[in-house]
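To start, the structure under review is shown below, and the notes come after it.
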There are 2 protein chains.
Amino acid sequence: MATRPVLVFDVNETLLDLEHLSPFFRSTFGRDAAMREWFAQTILYSQSLALTGQFTPFGELGVAVLDMQATLANLTLNDEQRQQFTTLMRTLPPHADALAALQRLQQHGFRLFTLTNNSTDAQTAQLEKTGLRACFERLFSIEDAVPPACKPAEQTYRQVEQALTLQGAELCLVACHTWDIIGARAAGWHAAMILRQGNATLAAGPQPHYVCEDLHALSDKLIAAYPLNDFSGRL
Amino acid sequence: MATRPVLVFDVNETLLDLEHLSPFFRSTFGRDAAMREWFAQTILYSQSLALTGQFTPFGELGVAVLDMQATLANLTLNDEQRQQFTTLMRTLPPHADALAALQRLQQHGFRLFTLTNNSTDAQTAQLEKTGLRACFERLFSIEDAVPPACKPAEQTYRQVEQALTLQGAELCLVACHTWDIIGARAAGWHAAMILRQGNATLAAGPQPHYVCEDLHALSDKLIAAYPLNDFSGRL
């Protein structure tokens, strides 16, 4: 990438800790793996809907998948449990590296944005609560794509390009989900994969430019590759 | 549905028993849930590729996801393990209800086809080994769609319509996967959901016309709805 990349961060799990949901799944389903199964099924169905030109808001879809999972476990959830789950999703804590790494990137002149499957309202609540909001120029939601669709649908990445009047190659998605990396790369973006717990790269489809253990490691690489006194970029 | 529907069956898990893979996952990963996690991730990534206009043959993708899963478990698979897995996929046994229900539908004048994410070669091997092949007029693979893409991409269903010169409303998908039901319904097909172990309906997206415990229950409903001496159909 010749010019300094504009960084677009996925939110859930990349910046915020999805493991915060685990106690809910453990107490509801009695199995630690139930949280990962719920997340995989929620992403799977967000893609089924995107592929067939349909859309259900991500928060609503997450609850529908939770109910499906309950059916499979011979359970029936009540409204209180559903509300508890939604509240947990809106109050995910930040990963330990998130604030420091974002501030460091900001201090080194990187422009930072988000792009999440969540609604603007939900992610604003999430990021304000965690103190991360001030790191970002603007928060993008896939609900503002036309038509709205979950990542990795192409229009979710294109809306960011259009809003910022940038080309894909000037943007770099930072995410811990390989399906998101696949979408960004297919749209012509650069991509950085963060190896959060429960995530790995896949030997199929397009690959990320960076693979890093955490956001500190990525910041090190980006700051070294694009020093602040190098004015070849878009600063 | 006014006219007798032409029935198009999903293969893996709808007709053949995916639980046949469980001992492999149990011995490799030490957890029963690993098989379901592998299948969900394989479908998730088949959809990520379809959404971004890319394609990896389903068998190959399944092995790539298996390797990803091994990485997450701090394991490295060898070629013998990968080969063992591929062989197991090609030799899934039929569900106990499959042969009898398919033969009964055939005897009652229903035209039967398949449509699977597997290649034609792989499904032919699967269906011949299980004795189910003779029940079907023709086997469709998503690899013959243009461009090839995994279900629930629209073109996978359209290729069946075109090959049989039928309209979507004359076809009924029979599947135990809600993501496949969503695709068929979005394409204008009728759809029947079979509640195989580990599968349930989802309160989002389009819903199936029939929800049945097994293929016997579906056969009962279809035979009652479209008696053989009713010539209003396409026989």
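The values are calculated or read from the model by the stated rules, or taken from the named source; none is laboratory data. Predicted model, so just to flag it, every value in this text is computed and none were measured. For neighbour counting, all protein chains shown are included, and Cβ atoms are generated from backbone atoms with ideal geometry for every residue, glycine included.
Scanning the range B:61-84 for residues being aliphatic (A, V, I, L, M), more than 7 Å from every other protein chain (Cβ to nearest Cβ) and over 20 Å from residue B:13 (Cα atoms) gives a total of 4.
Taking the condition within 18 Å of the chain's Cα centre (by Cα) and surrounded by 15 or more Cβ atoms within 10 Å (Cβ to Cβ), does residue A:91 pass? Taking the combined requirement at face value, the residue does not satisfy it. Looking at the range A:126-139, which of its residues are out of contact with any strand residue (DSSP E or B) (no Cβ under 8 Å at 6 or more places or on another chain) and surrounded by 16 or more Cβ atoms within 10 Å (Cβ to Cβ)? Within the range A:126-139, no residue meets the criteria.
Of the residues making up the range A:65-88, those that are surrounded by 17 or more Cβ atoms within 10 Å (Cβ to Cβ), within 20 Å of the chain's Cα centre (by Cα) and of a type in the set (A, V, I, L, M) number 2.
Residue check: is residue A:200 crowded, with 24+ Cβ neighbours inside 10 Å and assigned to a loop (DSSP other than H, G, I, E, B)? Working first, answer last.
On the way: crowded, with 24+ Cβ neighbours inside 10 Å: no; assigned to a loop (DSSP other than H, G, I, E, B): yes.
When the stated conditions are applied, residue A:200 does not pass them.
For the range A:137-174, a residue qualifies if it is within 12 Å of chain B (Cβ to nearest Cβ) and not aromatic (Phe, Trp, Tyr), and the qualifying residues are A:149, A:150, A:151, A:152, A:153, A:154, A:155, A:156.
You will find that of A:114, A:28, the residue that is away from chain B (no Cβ under 14 Å), in contact (Cβ under 8 Å) with a residue 40 or more places away in the chain and surrounded by 21 or more Cβ atoms within 10 Å (Cβ to Cβ) is A:114 and no other. Here residue A:177 meets each of (1) in contact (Cβ under 8 Å) with a residue 60 or more places away in the chain; (2) crowded, with 22+ Cβ neighbours inside 10 Å; (3) in contact with a strand residue (DSSP E or B) (Cβ under 7 Å, 6 or more places away or on another chain); (4) within 21 Å of residue A:222 (Cβ to Cβ) with one exception, condition (3).
Being surrounded by fewer than 24 Cβ atoms within 10 Å (Cβ to Cβ) and in contact with a strand residue (DSSP E or B) (Cβ under 8 Å, 6 or more places away or on another chain) is true for just one of B:154, B:170, B:143. Which residue is that?
Working: B:154 fails: in contact with a strand residue (DSSP E or B) (Cβ under 8 Å, 6 or more places away or on another chain); B:143 fails: in contact with a strand residue (DSSP E or B) (Cβ under 8 Å, 6 or more places away or on another chain).
Matching residue, one of B:154, B:170, B:143: B:170.
The residue that is farthest from residue A:47 (Cα to Cα), among those in the range A:189-202 that are within 11 Å of chain B (Cβ to nearest Cβ) and without any contact (Cβ under 8 Å) to a residue 60 or more places away in the chain, is A:195. Condition first: under 19 Å from residue B:157 (Cα atoms), within 14 Å of chain A (Cβ to nearest Cβ), crowded, with 16+ Cβ neighbours inside 10 Å and aromatic (Phe, Trp, Tyr). Can you find one or more residues in the range B:31-43 that meet it? No: the range B:31-43 contains no residue that is under 19 Å from residue B:157 (Cα atoms), within 14 Å of chain A (Cβ to nearest Cβ), crowded, with 16+ Cβ neighbours inside 10 Å and aromatic (Phe, Trp, Tyr).
Across the range A:138-153, a minimum of one residue is classified as free of Cβ contacts under 8 Å to residues at least 40 places away in the same chain, out of contact with any Asp or Glu (no Cβ under 7 Å at 6 or more places or on another chain) and part of a helix (DSSP H, G or I).
Consider residue B:163 carefully, then state whether it is buried (at least 18 other Cβ atoms within 10 Å of the Cβ), in a helix (DSSP H, G or I), in contact with a Phe, Trp or Tyr (Cβ under 8 Å, 6 or more places away or on another chain) and not charged (D, E, K, R).
So residue B:163 does not fit the description; no.
Residue by residue, here is whether (1) closer than 18 Å to residue B:171 by Cα; (2) modelled with pLDDT of 95 or more; (3) among the aliphatic types (A, V, I, L, M) holds:
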residue: B:196; (1), (2), (3): no, yes, no
residue: B:200; (1), (2), (3): no, yes, yes
residue: B:205; (1), (2), (3): no, yes, no
residue: B:212; (1), (2), (3): yes, yes, no
residue: B:215; (1), (2), (3): yes, yes, yes
residue: B:224; (1), (2), (3): yes, yes, yes
residue: B:228; (1), (2), (3): yes, no, yes
residue: B:231; (1), (2), (3): yes, no, no
residue: B:234; (1), (2), (3): yes, no, no
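In this structure, is residue B:184 touching a strand residue (DSSP E or B) at 6+ places or on another chain (Cβ under 8 Å), more than 14 Å from chain A (Cβ to nearest Cβ) and not in a loop (DSSP other than H, G, I, E, B)? Against the criterion (touching a strand residue (DSSP E or B) at 6+ places or on another chain (Cβ under 8 Å), more than 14 Å from chain A (Cβ to nearest Cβ) and not in a loop (DSSP other than H, G, I, E, B)), residue B:184 does not qualify.
Taking into account only those residues within the range B:49-60 that are among the small types (Gly, Ala, Ser) and either more than 9 Å from chain A (Cβ to nearest Cβ) or over 14 Å from residue B:117 (Cα atoms) (or both), which is surrounded by the fewest Cβ atoms within 10 Å (Cβ to Cβ)?
Quick first cut of the range B:49-60, residues among the small types (Gly, Ala, Ser) only: B:50, B:53, B:59.
Subsequent filtering for residues that are either more than 9 Å from chain A (Cβ to nearest Cβ) or over 14 Å from residue B:117 (Cα atoms) (or both) retains B:53, B:59.
On the way: B:53: 11, B:59: 18.
The selected residue is B:53.
For the range B:203-226, taking the residues that are touching a residue at least 12 places away in the same chain (Cβ under 8 Å) and part of a loop (DSSP other than H, G, I, E, B), the one that is farthest from the other protein chains (Cβ to nearest Cβ) is identified as B:226.
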